[in-house]
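Scroll down for the structure; my scribbles are underneath it.
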Amino acid sequence: MTDNHRPVTVIWRFTDGKVGHENQSQGLVDALQARLRVDVHSLQAGSGLSAIRDFLLGRFPAGKYLPDPDLLIGAGHTTHLPMLAARRARGGRIVVLMKASLPVSWFDLCLIPEHDLPARTTSILVTHGVLNRIRYSEIHDDKVGLFLIGGPSPHANWSNRAIIEQIRVVLERTPELHWWLTTSRRTPDNFLHLLDELPDELGERLSVEPFEDAGDGWLPEKLGQASRVWVTEESVSMVYEALTSGAAVGLLAVPTTHQQGRVARGVEGLVREGLVVCFAQWEQGREMRISARRFDEAVRCADWIIEQWPSEN
């Protein structure tokens, strides 16, 4: 069947305004769009009370002028009730991109990261980390590296100086590379000022692009270029973005506040499988290597969704 004769899949993508959640749902939509003819509509999730009211009344005003959905996709707890209301009013199947706070049976499919320890059911696909919009590349520049810097979180004992010291060591030991560095919304304001204390000969090989200056395409471009990527280990989403790119990935040490927490479990699993190298291992001589496992979770999830309803695509 040619593309022009394939049925169009109508997707309602529910958003909560959080960048991480937006990247997850858009990554899945991008992967579906590469495989299907789709008509995508983004809707801002409203309040829980209004969603409950809409559900009880069997209505969904926000989608009044939209075609009936085939798929309702959302990441973030605040998208769940609006999707339930929309499905009751207009039909379609719900795909949730996280471990829901509501019963799994209320949704059609759930894509849940393995570090959340999801139940094993036919409606759940366990993912390796969270989905993202980065695409895999087999070609990287051996002379370019990238630092991805997160920041304080409930799971991490953050120290600006500890991170900068690790950056200094990496720069000293890789004189053949030019490094880029970008920050995140969580990075402390004074972090970049402290980078000015690096010796001039090291600073000359480090270019900085703060997150507020980087456009939407900056990170995908740099991840597609860099052969080696160091990520602060509390930044789980950035770790998986780096892995998805096909680069060799290292973790800058950030002590966790909960040794058995979900973030620590996810990081430990990656190190144990040899998919990433932690800073202490690298200092002792372990090389950074490209993962033998190809990470393209958005594509894997899109294929799985299509397999659930093959007659409709």
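The values are calculated or read from the model by the stated rules, or taken from the named source; none is laboratory data. All figures in this text were calculated on a predicted structure; none of them were measured in a lab. Positions of Cβ are backbone-derived with ideal geometry, glycine not excepted, and every protein chain shown enters the neighbour counts.
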Do we have any residue at all in the stretch 103-118 that's surrounded by fewer than 20 Cβ atoms within 10 Å (Cβ to Cβ), assigned to a loop (DSSP other than H, G, I, E, B) and touching a strand residue (DSSP E or B) at 6+ places or on another chain (Cβ under 8 Å)? yes
Working only within the stretch 57-88, note down all residues that are among the hydrophobic types (A, V, I, L, M, F, W, C), surrounded by 20 or more Cβ atoms within 10 Å (Cβ to Cβ) and in a loop (DSSP other than H, G, I, E, B). 60, 75
I'm trying to understand the selection: among the residues of the stretch 42-56, which are surrounded by 15 or more Cβ atoms within 10 Å (Cβ to Cβ) and more than 19 Å from residue 102 (Cα to Cα)? 43
Residue list for the stretch 159-187, filter: modelled with pLDDT of 95 or more, in a loop (DSSP other than H, G, I, E, B) and under 22 Å from the mean Cα position of the chain (by Cα): 183, 187
Selection from the stretch 188-228 of residues closer than 14 Å to residue 171 by Cβ and among the polar types (S, T, N, Q) yields 207
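Please enumerate the residues belonging to the stretch 89-99 that are within 19 Å of the chain's Cα centre (by Cα) and part of a loop (DSSP other than H, G, I, E, B).
Step one: filter the stretch 89-99 for residues within 19 Å of the chain's Cα centre (by Cα), giving 95-99.
Hits for the stretch 89-99 are 97, 98, 99.
So that you can scan it fast, the table gives a plain yes or no per residue for (1) over 21 Å from residue 20 (Cα atoms); (2) of a type in the set (Lys, Arg):
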| site | (1), (2) |
| --- | --- |
| 67 | yes, no |
| 128 | no, no |
| 135 | no, yes |
| 138 | yes, no |
| 142 | yes, no |
| 151 | no, no |
| 158 | no, no |
Which numbered condition in (1) surrounded by fewer than 18 Cβ atoms within 10 Å (Cβ to Cβ); (2) basic (Lys, Arg); (3) closer than 20 Å to residue 221 by Cβ; (4) modelled with pLDDT under 95 is the only one that residue 133 fails? (1)
Is there a residue being over 28 Å from residue 241 (Cα atoms) and touching a Ser or Thr at 6+ places or on another chain (Cβ under 9 Å) anywhere in the stretch 13-32? no
If you take the residues of the stretch 265-313 that are small (Gly, Ala, Ser) and free of Cβ contacts under 8 Å to residues at least 40 places away in the same chain, which of them is farthest from residue 98 (Cα to Cα)? 285
Restrict the check to the stretch 285-306 and report whether at least one residue is at pLDDT 95 or above, assigned to a helix (DSSP H, G or I) and closer than 21 Å to residue 151 by Cβ. no
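Hey, among the residues in the stretch 3-27 that are of a type in the set (Val, Ile, Thr) and outside any helix (DSSP H, G or I), which one's surrounded by the fewest Cβ atoms within 10 Å (Cβ to Cβ)? I'd like the intermediate steps shown before the answer.
Here is the first cut: in the stretch 3-27, the ones of a type in the set (Val, Ile, Thr) are 8-11, 15, 19.
Subsequent filtering for residues that are outside any helix (DSSP H, G or I) retains 8-11, 15.
Numbers: 8: 11, 9: 21, 10: 18, 11: 23, 15: 19.
Here the residue is 8.
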Just a yes or no: is a residue in the stretch 97-106 at pLDDT 90 or above, outside the structural domain of residue 211 (by TED's automatic domain parsing) and under 18 Å from residue 41 (Cβ atoms)? yes
Among the listed residues 30, 54, which satisfies the condition of being under 20 Å from residue 307 (Cα atoms), of a type in the set (Asp, Glu) and in a helix (DSSP H, G or I)? 30
